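The values are calculated or read from the model by the stated rules, or taken from the named source; none is laboratory data. Here the structure is a predicted model, which is why all the values come from computation and not from measurement. Cβ placement follows ideal geometry from the backbone for every residue including glycine, while neighbour counts extend to all protein chains displayed.
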There are 2 protein chains.
Amino acid sequence: MKLKMMYSFLNSDINTIEKKLEETIQADSLLLKRASLHTLQAGGKRIRPVFVLLAGKFGRYDINVMKNVAVALELIHMASLVHDDVIDDADLRRGQPTVKAKWDNKTAMYTGDFIFALSLELMSEINKPLAHKILANTIVEVTVGEIQQIKDKYRFNQNLRDYLRRIKRKTALLISASCQLGAIAANVEESIHKKLYLFGYYVGMAFQITDDILDFTSSEEELGKPAGSDLLQGNITAPALYAMENETIRLEIEKVHQDMEPAQIQNIITLIKESSAIDRSIALSDMYLDKALAVLEELPANKAKKTLRDIAKFIGRRKY
Amino acid sequence: MKLKMMYSFLNSDINTIEKKLEETIQADSLLLKRASLHTLQAGGKRIRPVFVLLAGKFGRYDINVMKNVAVALELIHMASLVHDDVIDDADLRRGQPTVKAKWDNKTAMYTGDFIFALSLELMSEINKPLAHKILANTIVEVTVGEIQQIKDKYRFNQNLRDYLRRIKRKTALLISASCQLGAIAANVEESIHKKLYLFGYYVGMAFQITDDILDFTSSEEELGKPAGSDLLQGNITAPALYAMENETIRLEIEKVHQDMEPAQIQNIITLIKESSAIDRSIALSDMYLDKALAVLEELPANKAKKTLRDIAKFIGRRKY
């Protein structure tokens, strides 16, 4: 089943959000408008808005309230990608040129700042102090995570704990915030929105680990960028960390640098794929997925719960 | 009278804020901590916190509440400077190397993001929806202003209205927000906090126009960077705009480019200083200053009002 099919009952609300996203990024500045629209149209799964809406279904769901939170979370995600691409010197994302590639680093910096500011403006419509506290804490952690990621680049003596802390900040916290803030915006009681937070956290971890596996196992066509890009950029993820337990592979991986020949990096990717590293990474992702599903079981039964289960299984085990 | 003397009755609260600023920017990441501390220690007038505190004196002033707003506003200002220095390729600010010069553009981008995120965390302690709306709107405008400033660089056919709109976003709105948010945090009634907003706006305009005059009239020693830096970087301010009404000077100014010889730019600065442009810019600043003082007259009499009057006169007519 395709991801979109899982939440087809939300279609009209998803359309509302897509429209609101486009409306929101209108800017006086043509450059800013173009760069933001470019980012928006580069697509993405809009998985954060979907989590916001589904979490809202556990409470008093009003699309006019929910859409502000859903769009705000997607914009924060978009803004962080635009800044990430500056850090990673990334020219392509989802097969499209990045803002920093199409324009330059400075434009990307301000486009990110602008998109981020817009998200705050939307969130300011939500009169819930707790929501603002959670969002602000999340943003601090995400930002700290991004700078940590720079520091950890090509640092081959890091361990799995470093990696897990990094992906928590990079991915899991914004997904858990999406779930929790969607619930809070719909006046869901504390015991439930805390479980939705946990669910989002576990799903987010499984999601990022899967993403990091796919960077090794998918084709360039499927990824929209060359396979092994993460490793080439010095981003040491679960498969590389597991593979490095083998001394021979470790010595090869430690040779990785930015200007490595494609044939050489291809050779290292093959070594990693032929080791047990991919299977062990899948097991790690599955562990988080199982935890997500277990938390979900404690929530009241409804259509949203069933959909969250389907999505969790999908994004934790997807092949592309 | 020195600026600091004007608000010496706030000294103990200013110390509290200085301490809170240092506490706030503690980060796990050593790089982030160093870069943030570097920015903090580069100094600055801390004029935004002072406005926050003074505005709070019109209501129920609790330093434990006020300090969050004061520190948040100073951090937003700091974050925007760190990103500005990337845009302007500025190596020096207040005589100190900028983050982008001491480290690099990427570090500056994330240091700015981090400092900004911290400000949101502090503001989330203020349970006033209106405060969040005002702050979010301000941040959007500031960000739009920053990208507008890139677009307006070396654009010699701009007019005074373009300039005024730019400095409104660049400077005045954050000062007006400091006044208004300080008041709102102290439960000041709407008719008063709106006047404080207006006061801050007018003072902010006078402040930035004065800054832009000083860039021509001060020495390198006083500025902590070479005189005429704004113009050399393509930032067309009031003195240059007035001077360009003279066709001969206009032709000279239009020759300005980034790699111009110091002697040439010096020659153009002299032309501007010998024209009526400086006096006309001072008159423009004075007009805003008079408006600020007029709004202030409508506020209830207290020590804070007297201090705001002193500060307004000082920063609108300062010589350094």
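Just a few scattered comments:
- Only one entry in B:S8, B:S80 is within 23 Å of B:I315 (Cβ to Cβ) and within 14 Å of another protein chain (Cβ to nearest Cβ), namely B:S80.
- Considering only residues in the range A:306-318 that are surrounded by fewer than 18 Cβ atoms within 10 Å (Cβ to Cβ) and in contact (Cβ under 8 Å) with a residue 40 or more places away in the chain, the one that is farthest from A:L241 (Cα to Cα) turns out to be A:D310.
- The set of residues in the range B:116-137 being farther than 13 Å from A:D113 by Cα and either buried (at least 24 other Cβ atoms within 10 Å of the Cβ) or of a type in the set (F, W, Y) (or both) consists of B:L118, B:S119, B:L120, B:M123, B:H132, B:L135.
- Just one of (1) over 19 Å from the mean Cα position of the chain (by Cα); (2) more than 10 Å from chain B (Cβ to nearest Cβ) fails for A:T107. It is (2).
- When A:D91 is tested against the conditions (1) farther than 15 Å from B:S124 by Cα; (2) out of contact with any strand residue (DSSP E or B) (no Cβ under 9 Å at 6 or more places or on another chain); (3) more than 8 Å from chain B (Cβ to nearest Cβ); (4) not polar (S, T, N, Q), the lone failure is (2).
- Some residue of the range A:147-160 being of a type outside the set (A, V, I, L, M, F, W, C) and within 8 Å of another protein chain (Cβ to nearest Cβ): yes
- Some residue of the range A:227-235 being charged (D, E, K, R), under 30 Å from A:I192 (Cβ atoms) and part of a helix (DSSP H, G or I): no
- For the range A:42-65, a tally of residues being surrounded by 24 or more Cβ atoms within 10 Å (Cβ to Cβ) and either within 14 Å of another protein chain (Cβ to nearest Cβ) or under 15 Å from A:M123 (Cβ atoms) (or both) returns 4.
- Candidates A:F207, A:F199: the one that is buried (at least 24 other Cβ atoms within 10 Å of the Cβ), modelled with pLDDT under 95, more than 13 Å from chain B (Cβ to nearest Cβ) and part of a helix (DSSP H, G or I) is A:F207.
- Count of the range B:68-84 residues which are crowded, with 24+ Cβ neighbours inside 10 Å and not hydrophobic (A, V, I, L, M, F, W, C): 2
- Filter pass, B:V52 being at pLDDT 90 or above, touching a Pro at 6+ places or on another chain (Cβ under 8 Å) and of a type in the set (V, I, T): no
- Residues located in the range B:127-149, provided they are among the aliphatic types (A, V, I, L, M) and out of contact with any Leu (no Cβ under 8 Å at 6 or more places or on another chain): B:L130
- When A:L251, A:L241, A:L271, A:L214 are screened for being in a helix (DSSP H, G or I) and buried (at least 19 other Cβ atoms within 10 Å of the Cβ), only A:L241 passes.
- Among the residues of the range B:274-293, those identified as among the hydrophobic types (A, V, I, L, M, F, W, C) and surrounded by fewer than 18 Cβ atoms within 10 Å (Cβ to Cβ) are B:A283, B:M287.
- Count of residues meeting criterion [within 14 Å of chain A (Cβ to nearest Cβ), small (G, A, S) and out of contact with any Ser or Thr (no Cβ under 8 Å at 6 or more places or on another chain)] in the range B:161-196: 1
- Evaluation of A:Y154 against the conditions (1) more than 19 Å from the chain's Cα centre (by Cα); (2) crowded, with 24+ Cβ neighbours inside 10 Å; (3) not aliphatic (A, V, I, L, M) shows that the sole unmet condition is (2).
- Of all residues in the range B:10-35 being modelled with pLDDT under 75 and crowded, with 17+ Cβ neighbours inside 10 Å, the one that is farthest from A:R165 (Cα to Cα): B:L32
- Scanning the range A:119-154 for residues that are in contact with a helix residue (DSSP H, G or I) (Cβ under 7 Å, 6 or more places away or on another chain), modelled with pLDDT of 90 or more and basic (K, R) turns up just one, A:K128.
- The listed residue being facing chain B (nearest Cβ under 10 Å), touching a Ser or Thr at 6+ places or on another chain (Cβ under 6 Å) and within 26 Å of B:N137 (Cα to Cα), out of A:L135, A:L118, A:L73: A:L118
- Out of B:A277, B:A283, sole residue that is within 18 Å of B:L160 (Cα to Cα) and touching a helix residue (DSSP H, G or I) at 6+ places or on another chain (Cβ under 7 Å): B:A277
- Count of the range B:203-229 residues which are more than 15 Å from the chain's Cα centre (by Cα) and within 21 Å of B:L173 (Cβ to Cβ): 0
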